[in-house]
Amino acid sequence: MFRNQYDTDVTTWSPAGRLFQVEYAMEAVKQGSAAIGLRSKTHVVLGCVNKANSELSSHQKKIFEVDDHIGVAIAGLTADGRVLSRYMRNECINYSFTYESPLPVGRLVVQLADKAQVCTQRSWKRPYGVGLLVAGLDESGAHLYYNCPSGNYFEYQAFAIGSRSQAAKTYLERRFENFTGSSRDDLVKDAIMAIRETLQGETLKSSICTIAVVGAGEPFHVLDQGTVQQIIDTFETAAEQEDPATEPDAATGQEAAAEQGTAADHGGSTDEGAAPMDI
Amino acid sequence: CVAIAGADYCVIAADTRMSTGYNILTRDYSKICKLADKCVMASSGFQADVRALQKQLAARHLIYQHQHNKQMSCPAMAQLLSNTLYYKRFFPYYSFNVLGGLDNEGKGCVFTYDAVGSYEKVGYSSQGSGSTLIMPFLDNQLKSPSPLLLPAQDAVTPLVEAEAIDLVKTVFASASERDIYTGDKLELVIINAAGIRREYMELRKD
C-alpha cells in the first residue's frame, strides 16, 4: 500500500516510522540458506547449509574464520558477507598488533553494528544484505551474537537465520536450556540435528552442511567432511535402532577420540568467485 | 646471527645477549622469530625496530593465510620482507636480517638483507656485530658459487645437518672470544622436513 511510496531510498522514513529499505535488507537475509549457531559455557558451534547453484558448481563459502578465537557464519548476500569478514579480520589483526591480545568479541560486534548503521543513514549507500552469526571466545567466556543489516545486534544462547530457519529455531528452543552445560561433542550433534530440521526431508549428508567449532583450547576451525559424516552416521544408526532424539552414548565415546577437529578449511579457495550472490 | 642452508635442512642461529654500549641489558633475549611453518628470521640491530618488523610480518602473514588458505613459502616471505624494509626507505628499520627456511621443494634456503631491503638468496650468511669475524670463516669453509653464474649452480652447502650445526657452534664460540657483543648463550633453530627444533649452547659470559 503505502509501503511502495516510502521505500525508494534508505534515507526516507515512512509515516509509520519505519525504514523500508532496511527491512527489505532483512528480507534478503531470510532468503539466504540457513545458518545456525549455539553455545555452551566453553564452546560455540556454527553450522550452515551448503547451497550450490547447480550440480556443476561448488557451494558458496558461508563460514569464515576471522581470528583464532572468532568465526562468523553468514546468510544473505554472500558477497557482502565476504567484505564484512575481511573487515573483521583486519580489525582483529590491528587490535592484536596494538594490544598484543585477542579482540574481545563484544567489541568487534559493536564495530560491525556501527558499520552497518552507517549504511542506513547515507543516501548514497545501501544496507548490507547479510546477517552474521558471530561466534567467539574471549576472557568473559563463549559468545554468540547476531548482527542484522539494520545495525542491531543481540547475544544469543542459540539462533538460526536464513530460509526455513524457523524449524531449526523450534528445535533449539526446546533444547537450549541444556546447552550451557553441554559437552563440545553434544553441542556439535545438536548443531547437526538443528540443520537437519531446516532440510525438511532432504537426506542429511556431510556434503550438504558445514560445521565449525571454537572453544577453550580449540582455535576456530571448520570440521572436515569425514568427521561430520561420522557424527551423522551415529544418529542415523540410532534412528534405525528405534532410539529417536537421544544421543547414543557408546558411540559418543568413540566419536570423541575421532573428532580431534583438524584445521582443514574445507570448501576450498575456488569458491570465492564461482557463484553469484546467495539468494 | 648466522644461517646456513643445506640440501634438505636450514640452520639459523643467533646469540641471546642484548647490550647497549659497554653494558649488557639481558643475557636471555631471543633474536629469532618464526614467521611461518617453514620460515624463520634472525635479526640483529636495534631490537625495538626488530620487534616492530616481526609483528608487521606476522600480521601480513595472517592476511595471506586468510586469502590463500595456506602458509607463505620462504621465497614469498623473503620478497615480503624486502618490500616491508624498503617501504621505510627514508626512516629505516634499524635491523639486519637473515631469513632461513625450506623452499617449496624442501631445499634449504637463506636470504640475507641490509637495513633497507636489498636481499639475495645465498647458501650461508651472517649479520650483526660478530659478522666481520664470522663471515670470512664461513667463506673459507662453505664457499659457494655465485648465484649469478650460468649454468645456475646450487648455492646450498654439501654438508650434512650435524656438520652444519657443529660449524655454527664453532663459529659462535670463536666470535665470542673477541667480540664483546657476542656471548652468553647461543640459540639454534633447525628446520627440516620433520619440522622445527631448537637447541641451546652456552657461550662465554664476558
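Readers should treat all values here as calculations from the given coordinates under stated rules, not as data from a laboratory. Since the model is a prediction, treat every value here as computed from it, not as a measurement. So basically every Cβ, Gly included, is an ideal-geometry build from the backbone, and we count neighbours across all protein chains shown.
Find which of A:38, A:11, A:54 sits farthest along the positive direction of the dipole of the stretch A:1-59, computed with +1 on the beta-carbon of Lys and Arg, -1 on that of Asp and Glu, about the Cα centre.
Farthest towards the positive pole: A:38.
Please list, by residue number, everything in the stretch A:20-47 whose backbone N is under 18 Å from a paramagnetic label point 7 Å out along Cα→Cβ of residue A:218.
Correct set: A:36-47.
For chain B, build the charge dipole from Cβ charges (+1 Lys, Arg; -1 Asp, Glu) around the Cα centre, then report which of B:122, B:64, B:9 sits farthest towards its positive end.
B:64
Evaluate the charge dipole of the stretch A:20-223 about its Cα centre and quote only its size in Debye, nearest 20, assuming +1 on the Cβ of each Lys and Arg and -1 on the Cβ of each Asp and Glu.
Here the size comes out at about 560 debye.
Among A:150, A:54, which comes first, second and so on when ranked by fewest other beta-carbon atoms within 10 Å? It would help to have the intermediate numbers written out before the result.
Numbers: A:150 19, A:54 6.
By the 10 Å Cβ count, ascending: A:54, A:150.
Which entries in A:30/A:61; B:143/B:185; B:31/B:121; B:34/B:143; A:61/B:34; A:62/A:205 show an alpha-carbon gap greater than 19 Å? Walk me through the numbers on the way to the answer.
On the way: A:30/A:61 17 Å; B:143/B:185 27 Å; B:31/B:121 21 Å; B:34/B:143 27 Å; A:61/B:34 30 Å; A:62/A:205 17 Å.
Checking Cα-Cα distances, B:143/B:185; B:31/B:121; B:34/B:143; A:61/B:34 exceed 19 Å.
I want to check the label-to-label distance for residue A:178 and residue B:163. Put each point 7 Å from Cα in the C-beta direction and report it in nm to one decimal.
That separation, rounded to one decimal, is 6.6 nm.
In terms of Cα to Cα distance under 16 Å, which lysines are near enough to residue A:125, apart from those fewer than 8 places away along the same chain?
A:115
Loop only by DSSP, 11 or fewer other Cβ within 10 Å of the Cβ. Give me the GluC sites (Glu not before Pro) in the stretch A:136-241 that pass, ordered by residue number.
Sites meeting the loop and neighbour criteria: A:139, A:202.
Per-residue ellipticity at 222 nm for the protein assembly as shown, helices alone: DSSP H runs ≥ 4 residues times -39500 (n - 2.57), over residue total, nearest 500 deg cm²/dmol?
-11500 deg cm²/dmol
Can you put B:87, A:153 in order, fewest other beta carbons within 10 Å first?
B:87, A:153
Give me the lysines in straight-line cross-link reach of residue A:41: C-alpha distance below 22 Å, same-chain residues under 8 apart excluded.
Residue A:41 reaches A:169, A:189.
Using alpha carbons only, how many angstrom separate the centre of the stretch B:154-204 from the centre of the stretch A:83-128?
About 45 Å separates the Cα centre of the stretch B:154-204 from the one of the stretch A:83-128.
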